[in-house]
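Presented below is the structure to which this report refers.
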Amino acid sequence: PNCTSAIFVALQLINLQENDEIIVPNLTHASAILPIIYSHKCKIKVCDFHEKSSYNLNLNHFKSLITSKTKVFIASYLHGFPFNLNEIEIICKINNIKIIEDAAQGLGVKISGKNAGTIGDYGCFSFGANKLLRTGEGGALIYKNQDEHNIICLLYTSDAADEEDS
């Protein structure tokens, strides 16, 4: 129904454990944090912004937040302002950290020629009444792994529930 739900589903796919850590930017919307609070007993770590004009994260602070328990970074493009995900993506790959892009307000945003929401492991979108693409309500989750598609269908579609009943 919305980006918050898409983030919730992405977090379910990552197999998080109690006390795992999730890094979020300090400039985000509550809907990027609520799925963490609702679904997991993970520790939320907040990363500072460095450049007010570009909304880029402070990479030194980002790196200092990473521990062996850090499993996810949620990239939020609040008000359509992207940050340099290229450097963060490299850091995350080295440290085996999944990237969830909260692109609810980033539809149409480009980062080094790529569409926001297509760079990380998961892209989450919203189509609510105050978004660029409005359907009144709705959301989307982009993912790259076919096995995850099958899990999502099993857990979150009525077709899967109907098949189990027969």
### Message
Which three extents, in angstrom, do the Cα atoms of the range 1-108 have along their principal axes, listed largest first?
### Response
35, 33, 19
### Message
For Ala75, what residues show an amide H to amide H distance below 5 Å, using hydrogens built from the backbone and excluding near sequence neighbours?
### Response
Ile100, Glu101, Asp102
### Task
Sort 64-70, 24-30 for me by packing, meaning the mean count of neighbouring Cβ atoms within 10 Å per residue, highest on top.
24-30, 64-70
### Message
Per 0.36 nm of contour for each residue apart, how much would the distance between Ile151 and Leu65 grow if the chain were fully extended, relative to their Cα-Cα spacing?
### Response
27.9 nm
### Query
Are any of the pairs Lys43/Lys98; Lys63/Lys144; Lys45/Lys98 more than 18 Å apart by Cα-Cα distance, and if so, which?
Lys63/Lys144
### Query
Taking amide H positions as placed 1.01 Å from N in the peptide plane, with prolines and chain starts having none, which residues 5 or more places from Gly139, or on another chain, fall under 5 Å of its amide H?
Asn2, Phe127
### Task
Calculate one ³J(HN,Hα) per residue across the range 7-14 by plugging θ = phi - 60° into the Karplus curve 6.51 cos²θ - 1.76 cosθ + 1.60, and present them in order as whole Hz with x for glycine and proline.
5, 4, 5, 4, 5, 5, 6, 7
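Let's test the formula: R0 of 25 Å, r as the Cβ-Cβ distance of Asn58 and Asn19. What FRET efficiency results, to the nearest 0.05?
So, using R0 = 25 Å, E works out to roughly 0.55.
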### Task
Return the long-range amide H neighbours of Thr70 (sequence gap of 5 or more, or a different chain), with a cut-off of under 5 Å between placed amide H atoms.
Glu21
### Message
Tell me the net charge near Cys42. Cut-off is 13 Å between Cβ atoms, Cys42 excluded, with +1 for each Lys or Arg and -1 for each Asp or Glu.
### Response
+3
### Query
If you rank Ile14, Ile36, Ile90, Ile151 by how much accessible surface each has, with a 1.4 Å probe, what is the order from largest down?
Ile90, Ile151, Ile14, Ile36
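The values are calculated or read from the model by the stated rules, or taken from the named source; none is laboratory data. Just so we're clear, the structure is a prediction, and the values are computed from it rather than from any experiment. All Cβ positions, glycine included, derive from the backbone under ideal geometry; neighbour counts span all protein chains shown. Please note that ligands, DNA and RNA were not included when accessible areas were found on the heavy atoms of the full protein model with its side chains. Shrake-Rupley method; radii C 1.70, N 1.55, O 1.52, S 1.80 Å.
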